[in-house]
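A.B. asks: Quick one: the structure is below, and I'll ask about it shortly.
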Amino acid sequence: MAMMDYMTTKKDELVGWIRKFSLFPYPFVTACCGMEFMAVSSTLYDTDRFGAALPRFTPRQSDLLMVVGTVSHKEAPILRKVYEQMCEPKWVMAFGACATSGGFYRNYAVLQGIDKVIPVDIYVPGCPPRPETVIDAIVMLQDKIARDRHPILPFERPNPVKA
């Protein structure tokens, strides 16, 4: 335990560096911003160099939830359930004007921003956002991840002998 106490600052930097370059996004695509998401995922913009290229299509294997497009009130409980099923640590990106603030849909059916249902770490503006804006948002999220504190819980072996 004394060794880990000595290495706390360097451990946080190392774990932050590893986590920032190993993002596994879960695309929650619901509307027209999906085309821009596909453009960002193409070889022209190559999000693989940022460590965020391989999308996971199950929330249990992802740590970055990318909410892409309009979310209705009927979809809000599903979005919340997807968020709760993700592994820790987890981050959320609101992709486009509709996910950020409801966009130009000011009616009873559309959720006016996904931050009413789940916490959002980074907002990507635009309708639809340009691929360069999405890459800037990924880089800003990586900087946030690198600055975070990354606690590692001490491992305790289970006692095989039961009293």
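A.B. asks: List the residue pairs whose Cβ atoms are under 6 Å apart, where the first residue sits in the range 112-136 and is under 18 Å from residue 23 (Cα atoms) and free of Cβ contacts under 8 Å to residues at least 24 places away in the same chain, the second is open to solvent by 10 Å² or more (accessible area, probe 1.4 Å) and among the aromatic types (Phe, Trp, Tyr), and the two are 6 or more positions apart or on different chains.
C.D. replies: Between residues of the range 112-136 that are under 18 Å from residue 23 (Cα atoms) and free of Cβ contacts under 8 Å to residues at least 24 places away in the same chain and residues that are open to solvent by 10 Å² or more (accessible area, probe 1.4 Å) and among the aromatic types (Phe, Trp, Tyr), there is no close pair.
A.B. asks: Every residue in the range 64-87 that is touching a residue at least 40 places away in the same chain (Cβ under 8 Å) and touching a helix residue (DSSP H, G or I) at 6+ places or on another chain (Cβ under 8 Å), please.
C.D. replies: The answer is 64, 65, 66, 67, 68, 69, 70, 71, 76, 79, 82, 86.
A.B. asks: Sticking with this structure for a sec: Residue by residue through the range 73-111, note down the ones that are within 23 Å of residue 19 (Cα to Cα) and among the acidic types (Asp, Glu). Working first, answer last.
C.D. replies: Narrowing the range 73-111 to residues within 23 Å of residue 19 (Cα to Cα): 82-95.
Across the range 73-111, the qualifying residues are 84, 88.
A.B. asks: Take residue 130 and decide whether it is under 17 Å from residue 35 (Cβ atoms), open to solvent by 80 Å² or more (accessible area, probe 1.4 Å) and basic (Lys, Arg).
C.D. replies: yes
Each row is one residue, and each column tells you yes or no for (1) under 15 Å from residue 133 (Cβ atoms); (2) in contact with a strand residue (DSSP E or B) (Cβ under 7 Å, 6 or more places away or on another chain); (3) basic (Lys, Arg).
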position	(1), (2), (3)
34	no, yes, no
45	yes, no, no
48	no, no, no
51	no, no, no
54	no, no, no
62	no, yes, no
65	no, yes, no
68	yes, yes, no
74	no, no, yes
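The values are calculated or read from the model by the stated rules, or taken from the named source; none is laboratory data. In this text, all values refer to a predicted model and were calculated from it rather than measured experimentally. Virtual Cβ from ideal backbone geometry, glycine too; neighbours counted across all protein chains shown. Each accessible area value is taken on the protein alone, full model and side chains, heavy atoms only, with ligands, DNA and RNA left out. Shrake-Rupley method; radii C 1.70, N 1.55, O 1.52, S 1.80 Å.
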